[in-house]
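Novice: Here it is, the structure in full.
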Amino acid sequence: MSTQGKLNKITTAVIRDMKKKNQKVTMLTAYDYGTAAVVDEAGIDIILVGDSLGMVVLGYDSTLPVTMEDMIHHTKAVCRGAKRAMVLGDMPFMSYQASVDEAVRNAGRFLQEAGAHGVKLEGGREVAEVTRRIASAGIPVMAHLGLTPQSVHQLGGYKVQGKGDAAAKRMIEDAGILEEAGAFALVLECVPVQLAREITESLTITTIGIGAGVHCDGQVLVINDMLGIFERFTPKFVKKYANLNLQMKEAVRQYCDEVRTGAFPDDAHSFM
Ligand code: KIV
């Protein structure tokens, strides 16, 4: 908030400026109105409506089944809850791979129908043209290198990327290509700390790390992971800032007990 009580909204210009001033960018995912309002009020800079939605909210085994309709539906809800943060919609599998025109149209839907401020998409040099065309349509693009979950079958699992000289060199080149194509920021997922540092120092655009160490310009986590809600598996890079799964189960157990014994509803929660 400024001194006049007006919200200082986060824009690409603000994000760019933060790198120049050496200020870290905070980013979390959210998938619904209520969570978006909480993280926004807590001061998060960027909310990503990640296609991790597929795993942590919709219960799929991967992000691959997530559709544009799923993403638009959830991005609309998040945009209603976010007042200050920049909201980015994650382009789901097959929404930008088949043709550049289709990719631009789908990216546009996030802004036009859902009210997002930009999009994120996965990949290196192979998505440079798509990135260029979306960015030149006036849509801010966040790129995503390293472990790109939509390519899980090609990568052979969820594992650290950029190990070895050739893979590291290719990732550094890809990062430069995506910057040149017009991306305003770049997610680095599951990348060795020193490689993420080298990429961060070689770019003028902002890097956002997830399992990529402390030298990135900002950090992102999946909210269900960091709040300890999603229990199916926890990657090494996740720090649990709460254990809501346990707290939610305890609350529900207590509610069940009280309903069964007649302790709820008491007079304080009834109309006389
Ligand atoms: O889908 C997602 O939540 C993401 C983040 C983990 C970066 O891509």
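Novice: Using a Gaussian network model of the chain with C-alpha springs under 10 Å, which one of A13, A175, A77 is most mobile by mean-square fluctuation?
Specialist: A13
Novice: Mean residue ellipticity at 222 nm from the helices of the chain, using -39,500 (n - 2.57) per DSSP H segment of n ≥ 4 over the full residue count, to the nearest 500 deg cm²/dmol?
Specialist: Computed mean residue ellipticity for the chain: -12000 deg cm²/dmol.
Novice: Using protein chains only and a probe of 1.4 angstrom, how many square angstrom of H153 are accessible, to the nearest 10?
Specialist: Number for this one is 150 Å².
Novice: While we're on this one: What is the percent carbon and sulfur in the accessible area of region 70-185, measuring with a 1.4 Å probe over the protein chains and ignoring ligands?
Specialist: That share works out to 52 percent.
Novice: With both bridge residues required to lie in the chain, what share of the DSSP beta bridges run antiparallel, to the nearest 5%?
Specialist: Taking every DSSP beta bridge within the chain, about 5 percent pair in antiparallel fashion.
Novice: Against the longest principal axis of the chain, how steep is helix 244-261, in degrees 0 to 90 to the nearest 10, with axes from Cα atoms?
Specialist: The angle comes out near 20 degrees.
Novice: Could I ask something else about it? At 1.4 Å probe radius, can you tell me the per residue accessible area of region 1-101 in Å²?
Specialist: I get 48 Å² per residue for this part.
Novice: Now a separate question. Report the charge-dipole magnitude of region 12-241 in Debye, nearest 20, computed about the Cα centre from +1 at each Lys and Arg Cβ and -1 at each Asp and Glu Cβ.
Specialist: Dipole of region 12-241, to the nearest 20 debye: 520 debye.
Novice: Protein chains only, probe 1.4 Å: how do D174, D267 rank by accessible area, largest first?
Specialist: Final ranking, largest accessible area leading: D267, D174.
Novice: How high is the FRET efficiency from F264 to R232, r the C-beta distance, R0 35 Å, rounded to 0.05?
Specialist: Calculated value: 0.70.
Novice: Where the centroid of each part is defined by its Cα atoms, how far is region 147-213 from region 217-272 in Å?
Specialist: Here the two parts' Cα centres lie 34 Å apart.
Novice: Accessible area per residue for region 182-231 in Å², computed with a 1.4 Å probe and the full protein assembly in place, what is it?
Specialist: 31 Å²
Novice: Can you give the FRET efficiency for Q97 and Y255, using 1/(1 + (r/R0)^6), R0 = 41 Å, r = Cβ-Cβ distance, to the nearest 0.05?
Specialist: Efficiency, from the Cβ-Cβ distance: 0.35.
Novice: Consider all pairwise Cα distances in region 61-126 and report the whole-number % of them above 21 Å.
Specialist: Distances greater than 21 Å cover 21 percent of the Cα pairs.
Novice: Turning to a different aspect of this structure: From Cα pairs below 8 angstrom and at least 6 apart in sequence, can you work out the relative contact order of region 12-241, rounded to a whole percent?
Specialist: 18 percent
Novice: Can you compute the modelled spin-label distance between L246 and E173, with each label point 7 Å from Cα toward Cβ, in nm?
Specialist: 4.8 nm
Novice: Same structure, new question: Angle, helix 100-112 long axis vs. longest principal axis of the chain, Cα atoms, 0 to 90°, nearest 10?
Specialist: 40 degrees
Novice: Continuing with the same structure: With a ≥ b ≥ c the root eigenvalues of the C-alpha gyration tensor of region 198-272, is it rounded (a/c under 1.5), prolate (a/b larger than b/c) or oblate?
Specialist: prolate
Novice: Quote the FRET efficiency, to the nearest 0.05, computed for M272 versus S62 with a Förster distance R0 of 45 Å and r equal to the Cβ-Cβ distance.
Specialist: 0.25
Novice: May I pose another question? Over all Cα pairs of the chain, how is the pair count split among 5 Å bins, expressed in % and running from 0 up to the last occupied bin?
Specialist: 1, 6, 12, 16, 18, 17, 12, 6, 4, 3, 2, 2, 1, 0, 0
The values are calculated or read from the model by the stated rules, or taken from the named source; none is laboratory data. For clarity, every value in this text was computed on a predicted model and none was experimentally measured. Heads up, the Cβs are rebuilt from the backbone with ideal geometry, glycines too, and the neighbour counts pull from every protein chain shown. Heavy atoms of the whole protein, side chains included, go into the accessibility calculation; ligands, DNA and RNA do not. Shrake-Rupley method; radii C 1.70, N 1.55, O 1.52, S 1.80 Å.
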